[in-house]
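Worksheet: one structure, shown below.
All of the numbers you see were taken from the coordinates with simple rules; none came from a lab. What you are looking at is a predicted structure, and each value in this text was computed from that prediction instead of being measured. For neighbour counting, all protein chains shown are included, and Cβ atoms are generated from backbone atoms with ideal geometry for every residue, glycine included.
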Amino acid sequence: MRPSRLVVGSVLTAALALGALPGLAGSGTPRPIDPIPAGAHQPLPNTSDARTPITIDGLDAAAAADGVVAQDASFIEPGAAPKSGPKRRVALDQPDGSAGSVRKPPKSTLKGTATFYNEGLTAMRLPRGTVIIVCGGGGCVQRVVNDYGPQSTSRIIDLDKRDFFDICGCPSWSGTTTVTVYVY
């Protein structure tokens, strides 16, 4: 049997409250700050002249980076061909990407009227999360359905306002356009 949300919420609230108030939850008294050990300090050389510079030893070998360039390394200048190695890229035998082979075929196609909507993309006949491509007179966009709608049976889809005007290629006073929806 699962506990109710009220019980779980109350237990989590109590646990967070006890963690936020350590004094009420029985924490111990604060510990004194540990002093820094004397061996951590290095003495400065005792010089009578304040203008005498202090010398510091150089870095050890561990401080050198892996990417250090060697003295005898050579660089290829732009435009100059290397003395060895490949002279050009390897040619691959790939088929040409025609319009039919670039995209996989859609599961179904819908044709009808679209309007714009300020809350994303809605489609009455498609579940949320469905990938679709919407094409109109002005172009195509690929989107994911994020809500159910429109309620009217005369429209098949409501688009975001910006997408609507990109797809329809119509003036800003237009309210509907004919689209083709490819469902993937």
So, over other residues within a Cβ distance under 15 Å of Asp166, counting Lys, Arg +1 and Asp, Glu -1, the net charge is 0
Theoretical gain in end-to-end length, Val144 to Thr176 [0.36 nm per residue, Cα-Cα removed]
9.5 nm
For Thr130, which sequence-distant residues (separation of 5 or more, or a different chain) have an amide H within less than 5 Å of its own amide H, given hydrogens modelled in the peptide plane?
Val145
May I ask you to compute the full-extension gain from Ile133 to Arg31, defined as 0.36 nm times their residue separation minus their alpha-carbon distance, rounded to one decimal in nm?
30.2 nm
Tell me, what HN-Hα J-couplings in whole Hz come from the Karplus equation 6.51 cos²θ - 1.76 cosθ + 1.60 at θ = phi - 60° for each residue of the stretch 167-184, using x for Gly and Pro?
7, 6, x, 10, x, 5, 8, 6, x, 9, 8, 8, 9, 10, 10, 9, 9, 10
